[in-house]
1. Is it the case that some residue within the stretch 162-179 is farther than 30 Å from P139 by Cβ and within 16 Å of ligand 4 (Cβ to nearest atom)?
2. Output the strands (runs of 3 or more DSSP E) that fall wholly within the stretch 84-197 and possess 1 or more residues being of a type in the set (G, A, S) and either touching a Leu at 6+ places or on another chain (Cβ under 8 Å) or surrounded by 20 or more Cβ atoms within 10 Å (Cβ to Cβ) (or both), or say none.
3. I need a count of the residues in the stretch 202-221 that are surrounded by 15 or more Cβ atoms within 10 Å (Cβ to Cβ) and more than 25 Å from D155 (Cβ to Cβ).
4. Given (1) out of contact with any Lys or Arg (no Cβ under 9 Å at 6 or more places or on another chain); (2) at pLDDT 90 or above, where does A7 come up short, assuming only one miss?
5. Out of all the residues in the stretch 162-201, which are at pLDDT 95 or above, among the small types (G, A, S) and farther than 17 Å from G227 by Cβ?
6. Pick out, from the stretch 204-277, the helices (runs of 4 or more DSSP H) lying fully within it that include 3 or more residues that are of a type in the set (K, R).
7. What pairs come out if I take residues in the stretch 153-179 that are under 17 Å from D194 (Cα atoms) and pair them with residues that are modelled with pLDDT under 95 and away from ligand 3 (no atom under 16 Å from the Cβ) whose C-beta lies under 6 Å away, six or more apart or interchain?
8. On the given criteria, is L31 of a type in the set (A, V, I, L, M, F, W, C) and modelled with pLDDT under 95?
Amino acid sequence: QAKQSRAGGYHFHSPALSRKLRERRLLEQDLRQAHAQQQFRLDYQPLVYLGSGQVSGGEALLRWHRPGHGNMPPDLFIPLLEETGLIVPVGAWVLETACREAARWPARMSVAVNVSTIQFRKPGLCEAVEGALRSSGLPAHRLELEITESVLLHDTPETLATLQRLRKIGVRIAMDDFGTGYSSLSYLHHFAFDKIKIDRSFVQRMAQDPNAKAVIRAVVNISQTLGIRALAEGVENAEQAEVLRQEGCAEVQGYLFGRPMPPEQFAALHARLRRPA
Ligand code: C2E
Ligand code: MG
Ligand code: MG
Ligand code: MG
């Protein structure tokens, strides 16, 4: 265990390690401030029907401009939000904000919100969801919660109860980054998931790796049988889109169709797509 000296340094640690710990502490401090001072923003990335090109909705993605450091990638700060428990209030803010902004979109469009496994296991998630729906007026079926396979890793009565409560509220549930964890398609059926988001690593390897393409094909086919929607993540070029179309994948997301963008820009994008071609 590290012991802090009066000078603020650490005994028993190499200089590199104590620098890391110091940076981590500063990041944690800045994250607490970020929440208190409302420095977080959401970008939205379009989810698109491959057949019609219509935007089915947008995924809310957390953005943080850290003062003096610039934009911080979520993969870097979300783990720390989880470790500190800050993910609970920040996650509630994400739900509130995403629902409020999505309530102004056309009624056929839904909003997808990422829910961390930590946030899922802590009490209060269902209340936060209900609160966000109530204050925004967004109909429950237009909110989709994205959870990852690690939620199902603990197949406890609590996990099942939370999923059932969310279902009763009427929100949709999507499995994010499918294929990177351990859950099976029968599991997703058992828990009545609405959507499977096939992880972008499969889309990226698809062209060179026949196995990756076989996985996509299998997931698309079984999802059709089970009545679960399939979306492919990380579509970056027209070749990938074409293969996915051939495989019968109905929905896509990726830089080819639109990068994550600020809410005003997202509103303008769907306003344009709404006009008949
Ligand atoms: P995710 O939920 O799988 O979100 C998709 C990520 O893929 C986003 O990264 C998006 O910018 C990126 N992406 C989209 N299209 C493409 C593409 O064509 N190519 C490539 N290379 N990447 C693409 P981002 O915004 O950096 O977010 C990373 C992760 O952080 C998210 O992965 C999600 O797990 C987490 N995250 C983001 N916002 C939130 C949030 O509000 N709450 C929670 N709990 N997690 C969040
Ligand atoms: Mg996601
Ligand atoms: Mg994903
Ligand atoms: Mg991801």
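The values are calculated or read from the model by the stated rules, or taken from the named source; none is laboratory data. From a predicted model like this one, the values you see are computed outputs, not experimental measurements. For neighbour counting, all protein chains shown are included, and Cβ atoms are generated from backbone atoms with ideal geometry for every residue, glycine included. Side chains are part of the model used for accessible areas, which takes the heavy atoms of the whole protein and leaves out ligands, DNA and RNA. Shrake-Rupley method; radii C 1.70, N 1.55, O 1.52, S 1.80 Å.
1. yes
2. 110-114, 172-178
3. Number satisfying all stated conditions: 9.
4. For A7, the failing item is (2).
5. The answer is G170, S201.
6. Per the criteria, no element qualifies.
7. Hits for this filter: L163/F191.
8. no
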